[in-house]
Amino acid sequence: MLKRIITSFISLIALGATVAVAEAPSAEGTPSSTVQIRNVREATPPVPPTALQGKWWELARQVGWAEKDLPILDFVINRESRGDNTAWNKQDPFGGSRCLLQINGSWTKWLRAQDILQRPADLFNPTVCLTAGLAIHQYGMDRYGWGWNPWAIPAP
């Protein structure tokens, strides 16, 4: 029985669950009023003070960007749109480039096939933009071994 409890507790910790710890009732049979709740999930690292567009880091984490990619993502967002998700460069080919990452219209058909967007204007939604950017980044990893090629960031 003890082995099963320990195994369950370790599984909860590994999954990032919240564990409640309560004191046993006192000898008189009245429950103790002390209940402690500890969050055993790892804390999200803070946005570094050197971040150029730190307001987008939490959303980027939520859509799946890896922590190690956030500094370059921050640089790309700043370079491409200065953090303005409504940025639209109509001069770029294929209908222009949109959103935080200035995703070119040439990606629209591929992003639609990935079920990320229906039309280019969907990129003005920051969640869609960062999700599309992550998919393009993964495409770059799969094709070139470096996910930042589509934004002309040279491999180290």
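Key figures for this structure:
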{"item": "Enumerated helices (runs of 4 or more DSSP H) restricted to region 36-134, each holding at least 3 residues that are outside the structural domain of G147 (by TED's automatic domain parsing) and free of Cβ contacts under 8 Å to residues at least 12 places away in the same chain", "result": "none"}
{"item": "Flag if P150 is closer than 14 Å to V76 by Cβ and surrounded by fewer than 22 Cβ atoms within 10 Å (Cβ to Cβ)", "result": "yes"}
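The values are calculated or read from the model by the stated rules, or taken from the named source; none is laboratory data. Given the structure is predicted, the values throughout are model-derived calculations rather than measurements. For neighbour counting, all protein chains shown are included, and Cβ atoms are generated from backbone atoms with ideal geometry for every residue, glycine included.
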